[in-house]
Amino acid sequence: MHVQGLEVQTRMADRRETDVLASAAAGDEFAFRRIVAEHHDVMRKVCMAIADDRSVAEDATQSAWVIAWQRLGDVRDAEHLRPWLVTVAANETKQLLRKRRRRAEVEVAADASHVPGGTDPAREPLDIDVRNAMARLDPDDRALLALRYVAGFDSKELAKAIGISPSGTRNRLERLLKRLREELDHG
């Protein structure tokens, strides 16, 4: 009985998500606001991981929402909404970076009060090294890392987002991580 009850709840939640998606695609602003509330944070985090620039990340996230509002009807299955939105945001970030034709500047946070106990001074050099290594990566490579480690995409979702096979995606990610490790070991 308990398993059956969970199945009913799951089907009802899926139906609600589908209804919200369909309503938003039909122009329901309230439904769209629900989608924004649920997905904005992860989209912004992915944009920030790619750009390493708060202004670019905010601009890209806002541009992604404009595109989402216009093209939400393209998403046929509520299950694909989150990967689609995050991919749109990642693509917008890469496009903004290309337009500006500049490398992201490393911004070292001066205020660590938002972290319980503050920052660990011993970690600061490593954090800076990682940020510098990430800033030197191509925006496409930063996007791949952000989609995997910030948005939590699996290899199938990554493959769809970047347009290569899941095994090709895993190989590219593995090579990229190896390159970062070597750079950090030698830096």
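The values are calculated or read from the model by the stated rules, or taken from the named source; none is laboratory data. Quantities reported herein were computed from a predicted structural model and do not represent experimental measurements. With ideal geometry, Cβ positions are generated from the backbone for all residues, glycine too; neighbour counts draw on all protein chains shown. Please note that ligands, DNA and RNA were not included when accessible areas were found on the heavy atoms of the full protein model with its side chains. Shrake-Rupley method; radii C 1.70, N 1.55, O 1.52, S 1.80 Å.
Structure summary
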| quantity | calculated |
| --- | --- |
| Solvent accessible area, Å² - Glu58, 1.4 Å probe, full protein context | 70 |
| Over the range 128-187, volume per residue of the alpha carbon convex hull, in Å³ | 70 |
| Heavy atoms of Lys160: accessible area, 1.4 Å probe, square angstrom to 10 | 150 |
| Under 20 Å from Lys94, Cα to Cα: lysines that are on another chain or at least 8 residues apart | Lys45, Lys160 |
| Candidate residues Val20, Val56: accessible-area rank, largest first, probe 1.4 Å | Val20, Val56 |
| Calculated FRET value between Asp140 and Glu183, using beta carbons and R₀ = 25 Å, to 0.05 | 0.90 |
| The range 138-187, accessible surface, carbon-and-sulfur percent (1.4 angstrom probe) | 48 |
